[in-house]
Protein chains: 2
Amino acid sequence: MNPIVLFSIGLLMAAMGILFSIPAIIDISNHNPDWKAFAESSAIAVFIGISLMLLTWGRTFCLGRRDGYLLTIGSWVAMSLVAALPFWFSSHEISFTNAVFESISGLTTTGSTTFTHLGSMPPGFLLWRAMLQWIGGIGIIVMAVSLLPFLRVGGMQLYRMETSDQYDKITPRIADVCLRIFGIYVLLSLACVITYWSLGMTIFEALIHAMTTISTGGFSTSDQSLGYFKAPAIEWAAVVFMLAGSLPFTVYIRFLHSPNRTAFTLDSQTLPFMTYTIVTICLGAIYLEMHQPSAILDSLRISAFSVVSIITTTGYASGDYLGWGAGAATFFFFLTLIGGCAGSTSGGLKAFRLLALYKGIRNQSQLLQFPNSLYQMKLGDRDLTKESMTSVYLFFLVMISSLGLITLALSMTGLDFISSISAAATSIANVGPGLGTIIGPTGTFAPLSNAAKWILDVGMLIGRLEYFTVLVLFLPNFWKE
Amino acid sequence: MNPIVLFSIGLLMAAMGILFSIPAIIDISNHNPDWKAFAESSAIAVFIGISLMLLTWGRTFCLGRRDGYLLTIGSWVAMSLVAALPFWFSSHEISFTNAVFESISGLTTTGSTTFTHLGSMPPGFLLWRAMLQWIGGIGIIVMAVSLLPFLRVGGMQLYRMETSDQYDKITPRIADVCLRIFGIYVLLSLACVITYWSLGMTIFEALIHAMTTISTGGFSTSDQSLGYFKAPAIEWAAVVFMLAGSLPFTVYIRFLHSPNRTAFTLDSQTLPFMTYTIVTICLGAIYLEMHQPSAILDSLRISAFSVVSIITTTGYASGDYLGWGAGAATFFFFLTLIGGCAGSTSGGLKAFRLLALYKGIRNQSQLLQFPNSLYQMKLGDRDLTKESMTSVYLFFLVMISSLGLITLALSMTGLDFISSISAAATSIANVGPGLGTIIGPTGTFAPLSNAAKWILDVGMLIGRLEYFTVLVLFLPNFWKE
């Protein structure tokens, strides 16, 4: 293995070890004994991390394609395991399985939880869960901007052109782009903290929820999620900031640098994404009015909050949307798989793929009638080449196959059909809640068997890493040379 | 509209009108008053059919691409409506909705039914249902051999090479191939009749079940389906003949003409299809042994019968396989979508597409690691060109999208999630039974709302016509010129 892979993982582990000090300090200042769990975890993480760095210090640092894959998967798995340590070491008798599940659910910004009685959990714990999602969120954007287009995963090569062509005008290097994105991420989070705080949350609650809103993660400080606050204004604010987190972060940069402020309207994903989100919200509100008539503004708010929570893959709940009526479960099941824009913190299929798939179907139908015509497919100002279309088709195929295999594996552990298929969907799309009484928006993943939780761990990771990044590992050729 | 489209539909309608005489004669000889329903239907069908033929007689008979689509869809819809007439006209108070549902379910060889108390139904009725499936079955094979490769639907162009290259050695023209296929179809049906009869069915029961076995349709003479006979030998015979109906019929021709009898082993679909079917049967038997231990041969038979019934898209039941255990529903749900071989009477995704998709994923994973390599994908001795792979990817995409849209539409009529998604799957794959208590293997589609039945009618037809044949109608360009 290339030393840079181990060096980078070591660096990340050491960094996470240092980050453990933040929840530790919070717990110390609250006289909570769980600071020890963070201190122990920190010692382990820093020790292993620095050891890895020292062992590989000064070696050749040329990153090949295979190293790219190993680094990506290796760092996500290593971070997930290290981040689980404080949960496991704590005084709350959290099993290793649950600790890892919570940690993966956090870092992948899924937001499924096995923890109950969140209200009585020590603040350090709640903070660490939110930090995991916040760190995971920026990690995903950086991966989507720097690594996935280079590895050509699932049609992301479409966004390579962007970084090499248009970006040259704005910022010379990817590292610089990532730094600017981080700045925007921090600013959006701060704006969200202030908004939540001014709307009645305590500063701690505002901080936690801001971190899990911008990262479209969905962890909360209460078992009732955002429904705990019973504040329509907070729900509207969450809608705005969840959407902010699911727009492509590179477009924010372009917006700030373009003189005429057209970056969002010109972007290939933003406008279509906002359009189908708003249409879906309206459909949801109409459905709600038909089944549970109430003030139109209430229906609109409940629909907007629930739809945006699922479509941005955040997973907050403000009530049981499954109680809307018979069609609600199906409606939210399909919403689960869609997702926000590529280059954001959201998961799922993503807007640009949805558009590309639609254009592919239309193009094929035209070709069936006029086989000799040539149609140039475009997405915004980008050409949808045959190669990138194939990548997108295969992404869809592998996503659905993963959904099928994980559903099958879950049901073999004894889980019923609706829980299995919705748990599979919510894990690979990194959303959070599933359908049914067990894992629905009012339930948790705690009652699931250990086997089911490990299967979902795999689902959350492969979904976050866009499948092919993991699939290549299973090729016999991958390990040769 | 091209006169040949109307002429052909007229011809088919007149032919069906004449076929009505067979169940009418059966009913007369049984002193059953429902012969009148058949006689009335016959008069209407022959009258409209001959009128259409006379109106278009002697016009230009050049079949264009658009006419191909119109003829395909037009004849399936027209046949479905005409075939529903005797049910509607009968003394059994069958609603128009139920009559059309039964007729479409028959012609598409789906086998979902809204009829209960089949045992007390007049023999002419039972015969007509079986005849519908038998006619539908041969219609599908002829369509797959002659029309779909020409229209390049869903990768079927792969099988055009066959008809133009290899077939030239065997038979000079497609019409001749179709005639030979019809001969094989009749022979297999006769063999099935004799087998069922010798195993204890009455000659009438044997005839009905043979027609619905070879066509992988699944209509029966009893509400308990084949489970009524409680005869293991009959179930094993059904396994053999269902499989026979789901192999590519062109391979039978090649087998009869090749000197060394290697047609089946050399075929691109047959061997892989048989392999994964047998593996699935074994997995099913192991699962059954784990959950309901009994004699291994019994488990093997129950598994073989249920798996083959679903995978060949027949849909017979011999008991409630959903009672096997928690994972059974999920297992059979995914089996529902797979299907047999292209060029057979079965529906679903089909073996060659499953193989092509697997090869596509493997190829893409290799390309991600070695982007500059070139891999030639093959299916048997056929080249999987980029164009045909795109067709296959899009077939999968449109199949899953149809599944999603029909599920959503069904759930909006008030149907629960599991019934909606499994009804959608069973309709587009033309299988028959769904999951859950309503439409599971022991239930019927009778309790569903009229709206749900019409939605499923659409599902059965678009699945049977391989989606794109119908999709082209919705292009604005289609109706121009």
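Can you confirm whether the stretch B:343-363 contains a residue that is among the β-branched types (V, I, T), part of a helix (DSSP H, G or I), surrounded by 21 or more Cβ atoms within 10 Å (Cβ to Cβ) and away from chain A (no Cβ under 14 Å)? No, that holds for no residue. Does A:G49 satisfy the criteria of being in contact (Cβ under 8 Å) with a residue 24 or more places away in the chain, touching a Phe, Trp or Tyr at 6+ places or on another chain (Cβ under 9 Å) and buried (at least 18 other Cβ atoms within 10 Å of the Cβ)? So A:G49 does not fit the description; no.
A:L247 meets each of the listed conditions (1) more than 23 Å from the chain's Cα centre (by Cα); (2) among the hydrophobic types (A, V, I, L, M, F, W, C); (3) in a loop (DSSP other than H, G, I, E, B) apart from (1). Residues that are in a loop (DSSP other than H, G, I, E, B) and in contact with a helix residue (DSSP H, G or I) (Cβ under 8 Å, 6 or more places away or on another chain) within the stretch B:203-224 comprise B:S215, B:T216, B:G217, B:G218, B:F219, B:S220, B:T221, B:S222, B:D223, listed in sequence order. When the criteria are applied in full, A:S420 meets the requirement of being without any contact (Cβ under 8 Å) to a residue 40 or more places away in the chain, among the polar types (S, T, N, Q), at the interface with chain B (Cβ under 9 Å from one of its Cβ atoms) and over 17 Å from A:L151 (Cβ atoms). Search the stretch B:56-110 for residues being of a type in the set (D, E, K, R) and away from chain A (no Cβ under 14 Å), and hand back the single one that is farthest from B:V470 (Cα to Cα). Selected residue: B:E93. Of all residues in the stretch A:52-69, those satisfying the criterion of being surrounded by fewer than 21 Cβ atoms within 10 Å (Cβ to Cβ), aliphatic (A, V, I, L, M) and assigned to a helix (DSSP H, G or I) are A:M53, A:L54, A:L55. Does B:T385 satisfy the criteria of being more than 20 Å from B:F219 (Cβ to Cβ) and without any contact (Cβ under 8 Å) to a residue 60 or more places away in the chain? Against the criterion (more than 20 Å from B:F219 (Cβ to Cβ) and without any contact (Cβ under 8 Å) to a residue 60 or more places away in the chain), B:T385 qualifies.
Looking at A:I73, A:I44, A:I104, which one is within 17 Å of A:I9 (Cβ to Cβ), crowded, with 22+ Cβ neighbours inside 10 Å and not charged (D, E, K, R)? Just a single option satisfies the conditions, and that option is A:I104.
Exactly one residue among A:A429, A:A446 is more than 13 Å from chain B (Cβ to nearest Cβ), surrounded by fewer than 21 Cβ atoms within 10 Å (Cβ to Cβ) and among the small types (G, A, S), and that residue is A:A446.
Among the residues of the stretch A:260-288, which ones are surrounded by fewer than 19 Cβ atoms within 10 Å (Cβ to Cβ), over 27 Å from the mean Cα position of the chain (by Cα) and within 26 Å of A:V431 (Cα to Cα)? Within the stretch A:260-288, A:I286, A:Y287 meet the criteria. Per the listing B:F101, B:F38, B:F87, the residue uniquely in a helix (DSSP H, G or I), closer than 27 Å to B:A446 by Cα, more than 23 Å from the chain's Cα centre (by Cα) and among the aromatic types (F, W, Y) is B:F38.
Beta carbons closer than 6 Å, at least 6 apart along the sequence or on distinct chains, pair a first residue in the stretch B:91-103 that is in contact (Cβ under 8 Å) with a residue 24 or more places away in the chain with a second that is assigned to a helix (DSSP H, G or I) and of a type outside the set (D, E) for B:T97/B:N450; B:T97/B:K453; B:V100/B:A84; B:F101/B:K453; B:E102/B:F87; B:S103/B:S80; B:S103/B:A83; B:S103/B:A84.
Just one of the listed residues (A:L322, A:L394, A:L379) is in contact (Cβ under 8 Å) with a residue 40 or more places away in the chain, in contact with a Gly (Cβ under 8 Å, 6 or more places away or on another chain) and more than 25 Å from B:L355 (Cβ to Cβ), and it is A:L322.
None of A:Q376, A:Q366 is within 12 Å of chain B (Cβ to nearest Cβ) and more than 24 Å from A:S225 (Cβ to Cβ) except A:Q366. Taking the conditions (1) crowded, with 22+ Cβ neighbours inside 10 Å; (2) out of contact with any helix residue (DSSP H, G or I) (no Cβ under 7 Å at 6 or more places or on another chain); (3) over 18 Å from A:C341 (Cβ atoms) in turn, A:G227 satisfies each one other than (1). Can you find a residue in the stretch A:328-337 that is more than 14 Å from chain B (Cβ to nearest Cβ), out of contact with any His (no Cβ under 8 Å at 6 or more places or on another chain), closer than 25 Å to B:I418 by Cα and modelled with pLDDT under 95? No, the stretch A:328-337 has no match at all.
Yes/no matrix, rows are residues, columns are (1) at pLDDT 95 or above; (2) under 12 Å from the mean Cα position of the chain (by Cα); (3) surrounded by fewer than 19 Cβ atoms within 10 Å (Cβ to Cβ):
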residue: A:T114; (1), (2), (3): no, no, no
residue: A:P122; (1), (2), (3): no, no, no
residue: A:A130; (1), (2), (3): yes, no, no
residue: A:A144; (1), (2), (3): no, yes, no
residue: A:P149; (1), (2), (3): no, no, no
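B:V472 meets all of the listed conditions (1) at pLDDT below 95; (2) more than 14 Å from chain A (Cβ to nearest Cβ); (3) buried (at least 22 other Cβ atoms within 10 Å of the Cβ) but one, namely (2). Across the stretch B:392-415, the qualifying residues are those that are under 22 Å from A:Q369 (Cβ atoms) and facing chain A (nearest Cβ under 7 Å), and the one among them that is surrounded by the fewest Cβ atoms within 10 Å (Cβ to Cβ) is B:L397.
The values are calculated or read from the model by the stated rules, or taken from the named source; none is laboratory data. Predicted, not measured: the structure shown is a model, and the values here were computed from it. So basically every Cβ, Gly included, is an ideal-geometry build from the backbone, and we count neighbours across all protein chains shown.
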